[in-house]
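Colleague: Have a look at this one before I ask anything.
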Amino acid sequence: MPTSPKVAMGKVVTIHYTLSNSAGEVLDTSQGGEPFEYLHGGGNIVPGLESKLEGQAIGAHLAVVVEPADGYGVHDPKGVRHVTRGAFPPDVELQVGMQFRAENSEGEATPIWVTEVSGDDVTIDFNHPLAGETLHFDVTITEIRDASREEMEHGHPHGEGHHHHDH
Ligand code: ZN
């Protein structure tokens, strides 16, 4: 009898999930849509969830609470900056929630989010929008398979619906 696969490094794991905040508001869910695939050990999902899925089998249903430090980080007030409208491409209609890439002080490309637009004053935040949130995941594992060599090299799955990319 074959042993049932377990979630481990190098497995592509398919899950259905619902993510809620501490107030019980649903922030994101795969229910009613396509399930989500990730490469275990690839850092595709927040560390606090990845570690709890380790060793689980198909059909496992878990409620996982992830503290900010193991989720999207604690919110660092120093990450909030004010810039002028001219710092952005002129043809973009700036909206709250938009994500851009900026160079940090070490010259590395890092994501920023627009959190407020007031005339010429734009507030940006280097913190992830979910920084500081305690994350409540409701997860069901629907599939576990071995990652291909290419997926291991890229560090993410190439399943159905994964758009083509050239790296
Ligand atoms: Zn890839």
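The values are calculated or read from the model by the stated rules, or taken from the named source; none is laboratory data. Note that the structure is predicted; figures quoted are calculated from it, not measured. Methodologically, a virtual Cβ is constructed for each residue, glycine included, from the backbone with ideal geometry; neighbour enumeration extends over all protein chains shown. To get the accessible areas, we keep the full protein, side chains included, count just its heavy atoms, and leave off ligands, DNA and RNA. Shrake-Rupley method; radii C 1.70, N 1.55, O 1.52, S 1.80 Å.
Colleague: Collect the residues in the stretch 95-117 that are over 30 Å from THR18 (Cβ atoms) and at pLDDT 95 or above, keeping them in residue-number order.
Modeller: Within the stretch 95-117, VAL117 is the sole residue that qualifies.
Colleague: On the given criteria, is ALA147 within 16 Å of the ligand (Cβ to nearest atom), at pLDDT 95 or above and surrounded by 12 or more Cβ atoms within 10 Å (Cβ to Cβ)?
Modeller: yes
Colleague: Tell me, which strands (runs of 3 or more DSSP E) lie completely within the stretch 1-107 with 3 or more residues that are in contact with a Phe, Trp or Tyr (Cβ under 7 Å, 6 or more places away or on another chain) and either open to solvent by 80 Å² or more (accessible area, probe 1.4 Å) or within 24 Å of ALA147 (Cα to Cα) (or both)?
Modeller: Hits in the stretch 1-107: 11-20.
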